[in-house]
Amino acid sequence: MSLTGVINGTVILPDRLISSGMVLWESGRLSYAGPERRVRRGLQLEDAAGGYIAPGYVDLHVHGGAGADFMDSTADAVMRGCAAHLRHGTTTIFPTTTTAGPALLLEMIDACRAAADLQKRNDGFSTIGGVHLYGPYFAAEKSGCHDRAACRAPESVEFERYFQSGLVRVATCAAELPGAVEFYRAARRRRCLVTCGHSNASWTEMRLAFRAGMRHVDHFWCAMSSVPSIRQRLGTPMQGSMAEFVLMEREMSTEVIADGCHLSPELLEFAYRMKGPDRLCLVTDCNRALDMPPGDYIFGHQQSGTPFSSDGKVGRASGGGLASAIVGMDHMVRQMHANTTAGLPAVVRMASLTPAERAGLQRKTGSLEAGKQADVLVLNRRLQIRRVFVGGRLMHQSAD
C-alpha cells in the first residue's frame, strides 16, 4: 500500500488551525491530519511551502463552467463543467438543473450518470455527489434568470421519474406551489436535502414545508420572499417570509453567493452571525461563463435556455438583473474571509463540511479526518489553489 501526503503547511480543520502541519493518506483514505511528525523514508510528500492544507470544497448549487452548462445534457458538457470547478478547488459537485421540460431534465440526469461512470475511469474531474433538482418547480414571479415559461407546480407523475433515477440528492421546490408538500415528503423519503427556492412563500407555507421535511433555503436574499413581497401577495396583516423563518428556525440552513456582486459585505456578515458556520453554506451558483471571456452566453440548455451577459465579474440578464455567478468556490472562500469576521476554519467549513453534512456525505468527505476520502487542497497564503487531490490522486496543479 502506498502512503503519501502533504507537509509544511497550516492544516485547516473545522474548528482550528494547526501550524507546521501535515496530512497523510493511504489507498485514497486519510490516515492523519495534525502536527508534522516523522514518517518512514521513501514517501513522496507534497510540500505546501508554508501555505495551507484544506479539505476539498463541496458545491451544492452549480450550473456549469468553461463554456458548458450541465443542462446541455451531454456527458462531455458535464465533465467539462466538473473539470472547470475542480481547478477552483471543488472536489465534490452537485450538477444543478434549470427550469425545463421533463424530457430535457431526464436527459440531464442521464448525462450526469454517464459522466459519473466515465469519472471512475479517468482523472481530472470533481466527484459528482448527486444531482440537484433545482428547476422547474419555481414560483413564476421569482424565476430570476430561469425560463419563466417552464416554471410549474410539482406533480408526482413527473417528479417520481427524477427520483427513481437514484441520482437526485438535493431537491428544490417553492413552498407555496400546489403539490409542494407531496414533493417534499417524496424527497425526504429518498434522503435528499430538501430545499425551498425561487419562492414567494409566507411563514405559514414555510412551516408546512418544514413539517414535510424542508430544511434548507437556496441563495439567501436572492429570488426569495420578504415581508413586503408577502404583503403584496397576501395583504395585511403583514406576515413573516422565508427570511424570518430561516433566521428563527435553528434547524434551517441556507447558502450565500459570496462573489462580491450578489451580496454586500454586511449581508455576508449578517448571514454568518445569524446562522453560524454549521448552518451556512458557500455555493457558487456558477454558470457556463466560468473561466470564459466577457460576452454573451446562454443560461441552461445551449439551444433553449435564456440569454445573459458576462462582464467578467458576474452574469446579468437582459433586463440588467443578476444571472448567476461566474467565479469558482476558491473566489467565494477568499471573499468571505476578507469581508467578514469569520475565521479561516469557519469559512472553509462553510465551503466543505457544512454542505457535506447537509447532503449526507459527511462520513465520506468535507474535512481532513482519518477514514474520509483524501480530498485535499494545497493553497498558498492568499488562499489560491496550488494543488488538488481527489481520493489521494493529484488531479490539478497550478503553475507556481
Can you pull out the trypsin sites (Lys or Arg not before Pro) in the range 42-128 that DSSP calls coil and that have at most 14 other Cβ atoms within 10 Å? Lys120, Arg121
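Once the piece of chain linking Arg190 and Ser398 is laid out straight, how much longer is it, given 0.36 nm per residue of separation minus the C-alpha distance between them?
71.0 nm
Could you line up Ile93, Ile12 from fewest to most neighbouring Cβ atoms inside 10 Å?
On the way: Ile93 30, Ile12 27.
In order of increasing Cβ crowding within 10 Å: Ile12, Ile93.
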Placed amide H near Met22: partners under 5 Å, 5+ positions off or other chain: Gly34, Glu36
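If you stretched the chain out fully between Ser156 and Asn380, how much longer would it get, using 0.36 nm times the residue separation minus the C-alpha to C-alpha distance?
Details: separation 224, 0.36 × 224 = 80.64 nm, distance 4.84 nm.
Here the segment from Ser156 to Asn380 would lengthen by 75.8 nm.
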Could you give the nm distance between label points at Ser264 and Asp76, where each point is 7 Å from its Cα heading toward the beta carbon? 4.6 nm
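If you take every residue apart from Ala212 with its C-beta less than 15 Å away from the C-beta of Ala212, what net charge results, scoring Lys and Arg +1 and Asp and Glu -1? Walk me through the intermediate numbers first.
Values: positive: Arg185, Arg188, Arg189, Arg190, Arg191, Arg207, Arg211, Arg215; negative: Glu176, Glu182, Glu205, Glu249, Glu251.
With Lys, Arg at +1 and Asp, Glu at -1, the neighbours total +3.
Can you run the Rg to Rh ratio on the range 17-62? Use alpha carbon positions and the Kirkwood inverse-distance Rh. It would help to have the intermediate numbers written out before the result.
Working: Rg = 12.8 Å, Rh = 12.5 Å.
With Rh from the inverse mean 1/r over Cα pairs, Rg/Rh is 1.03.
Per 0.36 nm of contour for each residue apart, how much would the distance between Ser318 and Lys364 grow if the chain were fully extended, relative to their Cα-Cα spacing?
Working: separation 46, 0.36 × 46 = 16.56 nm, distance 4.12 nm.
So the extension gain works out to 12.4 nm.
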Taking square-rooted eigenvalues a ≥ b ≥ c of the alpha carbon gyration tensor, is the chain rounded, prolate or oblate, where a/c under 1.5 means rounded and, failing that, a/b exceeding b/c means prolate? prolate
What list of whole percents do you get for P(r) of the range 316-355, with Cα-Cα distances grouped in 10 Å bins up to the one holding the largest distance? 27, 40, 24, 9
Would you please classify the overall shape of the range 67-151 from the alpha carbon gyration tensor, given that a ≥ b ≥ c denote the square roots of the eigenvalues, rounded means a/c under 1.5, and beyond that prolate means a/b larger than b/c while oblate covers the rest? prolate
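Return the FRET efficiency for the residue pair Leu17, Arg233: r is the Cβ-Cβ distance, R0 is 41 Å, and the value is rounded to the nearest 0.05. Walk me through the numbers on the way to the answer.
On the way: r = 47 Å, r/R0 = 1.14.
My answer for the efficiency is 0.30.
Treat the range 105-257 as a sphere of radius equal to its Kirkwood radius over Cα pairs and apply Stokes-Einstein at 10 °C in a medium of 1.306 mPa s; give the translational diffusion coefficient in µm²/s, rounded to a whole number.
Working: Rh = 16.1 Å.
Once the numbers are plugged in, D ends up at 99 µm²/s.
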Coarse-grained scattering of the range 278-400 at q = 0.17, 0.22 Å⁻¹, given as base-10 log I(q)/I(0) from a Debye sum over alpha-carbon atoms: -1.01, -1.24
I need the GluC sites (Glu not before Pro) found in the range 74-178, filtered to DSSP loop residues with at most 14 other beta carbons within 10 Å of theirs. Glu155
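Taking a temperature of 20 °C and a viscosity of 1.002 mPa s, what whole-number D in µm²/s does Stokes-Einstein yield for the range 191-240 with Rh from Kirkwood over alpha carbon pairs? Each step should come with its number before you reach the end.
Working: Rh = 11.4 Å.
Result for D is 188 µm²/s.
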Let me have the relative contact order for the chain, percent, based on Cα pairs under 8 Å that are six or more residues apart. 21 percent
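What does the C-alpha gyration tensor say about the overall shape of the range 203-273? Classify as rounded when a/c is under 1.5, otherwise prolate if a/b is larger than b/c, or oblate.
On the way: a/c = 2.22, a/b = 1.35, b/c = 1.64.
Oblate shape, in that a/c is at least 1.5 and b/c is the bigger or equal ratio.
Please report, to one decimal in angstroms, the Kirkwood hydrodynamic radius of the range 120-161 built from all distinct Cα-Cα pairs. Could the numbers behind the result be given before it?
Numbers: mean 1/r = 0.0777 Å⁻¹.
For the range 120-161, the Kirkwood estimate is 12.9 Å.
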Please give the Cα centre distance for the range 323-399 versus the range 105-172, rounded to the nearest Å. 23 Å
For Arg386, Arg191, Arg233, ascending order of other Cβ atoms within 10 Å (fewest first) is Arg191, Arg233, Arg386
Residue by residue through the range 313-328, which ³J(HN,Hα) values in whole Hz follow from phi under the Karplus form 6.51 cos²θ - 1.76 cosθ + 1.60 (θ = phi - 60°), with glycine and proline marked x? 10, 7, x, 9, 6, 4, x, x, x, 5, 9, 6, 8, 10, 10, x
Computed, not fitted: 222 nm per-residue ellipticity of the chain from DSSP H runs ≥ 4 (each -39500 (n - 2.57)), nearest 500, equal to -8000 deg cm²/dmol
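Just so you know, all these numbers are worked out from the coordinates, no wet-lab data involved. This is a predicted model, so every value here is computed, not measured. FYI the Cβ positions are ideal-geometry reconstructions off the backbone, even for glycines, and counts take in every protein chain you see.
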